[in-house]
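> Before I ask anything, here is the structure I am working with.
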Amino acid sequence: DIQMTQSPTSLSASVGDTVTITCRASQTISSFLNWYQQRPGKAPTLVIYAASSLQSGVPSRFSGSGSGTEFTLTISSLQPEDFATYFCQQSYSTSMYTFGQGTKVEI
Amino acid sequence: QVQLQESGPGQVKPSETLSLTCTVSGGSLSDSNSFWGWIRQTPGKGLEWIGAIYYSGNKYFNPSIQSRVSASLDTSKNQFSLRLTSVTAADTAMYFCLRGSYKLGAFDYWGQGVLVTVSS
């Protein structure tokens with residue numbers, strides 16, 4: 001299985017800050033990397049797909065970059081609704097999708 | 001707008017079979033651009049992919065539970081289902097059904113989730 005490792009596990013930030021979350025894959029996955037946001041008690045929602053493409057309806061303050069084994073999700077000018085947990089997920093291995101352990105963005 | 005809704009018992013006894021159904025609205029199981037799947041979430045293991053089923057009939061399951069899991073599509077009802085046999089406490093989780101998009105290479109629609117507890 002392709003292992004996905006996120007860092008940090010959690011971070012504290014304030015409204016208006018810029019935060020960056022890193023995701024590393026245990027092997028190269030090209031750009032087959034997605035990011036999801038999960039608010040408490042809700043299902044995850046797609047934020048970024050194919051490493052850097054913004055999902056429809058997602059604010060442009062979200063951006064993704066990277067390829068190969070290292071990827072980042074950046075949230076610029078944090079808004080109150082952005083405080084949530086973020087997961088990366090590889091879609092390179094379509095017979096066994098795997099997720100990172102999550103990064104909780106806290107106030 | 002595609003919507004997915006899981007249904008099934010909230011509690012299952014150990015060694016019994018967990019059965020969940022996902023009803024899709026606003027989209028079709030026959031959509032060749034999509035596939036359908038299940039993921040579960042626990043505080044300890046995080047998000048764990050269970051498996052996916054394709055309109056073609058192909059199915060892929062997590063090897064860790066492959067021997068206990070099956071899935072099916074009912075296009076007449078626009079529903080797909082999951083069965084997990086011989087459940088144990090380790091199968092206690094929030095179960096989500098979802099749609100996968102070939103175009104995006106991602107899971108673009110999720111159900112709200114159903115909490116399943118394995119307990120006698």
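The values are calculated or read from the model by the stated rules, or taken from the named source; none is laboratory data. These figures come from a predicted structure and were not determined experimentally. Here the Cβ positions follow ideal geometry from the backbone for every residue, glycine too, while neighbour counts run over all protein chains shown. Ligands, DNA and RNA are stripped out before the accessible areas are found, and what is left, the full protein with its side chains, is counted by its heavy atoms. Shrake-Rupley method; radii C 1.70, N 1.55, O 1.52, S 1.80 Å.
> Within region A:59-93, work out how many residues are in contact with a strand residue (DSSP E or B) (Cβ under 7 Å, 6 or more places away or on another chain), within 12 Å of chain B (Cβ to nearest Cβ) and either open to solvent by less than 30 Å² (accessible area, probe 1.4 Å) or at pLDDT below 95 (or both).
7
> Can you tell which of B:ILE53, B:ILE65, B:ILE39 is farther than 27 Å from A:GLN6 by Cβ, within 14 Å of chain A (Cβ to nearest Cβ), surrounded by 13 or more Cβ atoms within 10 Å (Cβ to Cβ) and β-branched (Val, Ile, Thr)?
Of B:ILE53, B:ILE65, B:ILE39, the one residue that is farther than 27 Å from A:GLN6 by Cβ, within 14 Å of chain A (Cβ to nearest Cβ), surrounded by 13 or more Cβ atoms within 10 Å (Cβ to Cβ) and β-branched (Val, Ile, Thr) is B:ILE53.
> I would also like to ask the following. Please pick out the residue among B:SER86, B:SER120 that is of a type in the set (Gly, Ala, Ser), more than 10 Å from every other protein chain (Cβ to nearest Cβ), farther than 16 Å from B:ILE39 by Cα and open to solvent by 70 Å² or more (accessible area, probe 1.4 Å).
B:SER120
> When both residues are 6+ apart or on different chains and their Cβ atoms are under 9 Å apart, which pairs have a first residue that lies in region A:66-82 and is closer than 22 Å to A:GLY41 by Cβ, and a second that is in a helix (DSSP H, G or I)?
A:ILE75/A:ASP82
> Does B:SER15 count as out of contact with any helix residue (DSSP H, G or I) (no Cβ under 9 Å at 6 or more places or on another chain) and at pLDDT below 95?
No; evaluated as a whole, the condition is false for this residue.
> If you don't mind, there's one more thing I want to ask. Test of understanding: among B:SER15, B:SER81, B:SER32, which residue is within 23 Å of B:GLY105 (Cα to Cα) and either free of Cβ contacts under 8 Å to residues at least 12 places away in the same chain or open to solvent by 80 Å² or more (accessible area, probe 1.4 Å) (or both)?
B:SER32
> Another question, then. Check region B:87-95 and report whether any residue there is free of Cβ contacts under 8 Å to residues at least 12 places away in the same chain and closer than 21 Å to A:TYR36 by Cα.
The answer is no; no qualifying residue exists.
> How many residues does region A:9-39 hold that are of a type outside the set (Val, Ile, Thr) and either under 18 Å from A:GLN90 (Cα atoms) or buried (at least 19 other Cβ atoms within 10 Å of the Cβ) (or both)?
Summing the residues that are of a type outside the set (Val, Ile, Thr) and either under 18 Å from A:GLN90 (Cα atoms) or buried (at least 19 other Cβ atoms within 10 Å of the Cβ) (or both) in region A:9-39 gives 14.
> Out of all the residues in region B:70-87, is one or more modelled with pLDDT of 95 or more, more than 11 Å from the chain's Cα centre (by Cα) and of a type in the set (Ser, Thr, Tyr)?
Yes, region B:70-87 contains at least one residue that is modelled with pLDDT of 95 or more, more than 11 Å from the chain's Cα centre (by Cα) and of a type in the set (Ser, Thr, Tyr).
> Filter the strands (runs of 3 or more DSSP E) completely within chain A down to those with at least 2 residues that are under 22 Å from B:TYR109 (Cβ atoms).
In chain A, A:33-38, A:45-49, A:62-67, A:85-90 are the strands (runs of 3 or more DSSP E) which contain 2 or more residues that are under 22 Å from B:TYR109 (Cβ atoms).
> Only residues that are in contact (Cβ under 8 Å) with a residue 40 or more places away in the chain and within 14 Å of chain B (Cβ to nearest Cβ): list them for region A:94-107, please.
Scanning region A:94-107 gives A:MET96, A:THR98, A:PHE99, A:GLY100, A:GLN101, A:GLY102, A:THR103, A:LYS104.
> Select from region A:5-37 the residues that are more than 19 Å from A:SER63 (Cβ to Cβ) and within 14 Å of chain B (Cβ to nearest Cβ) and list them in ascending order.
Those that are more than 19 Å from A:SER63 (Cβ to Cβ) and within 14 Å of chain B (Cβ to nearest Cβ): A:THR5, A:THR9, A:SER10.
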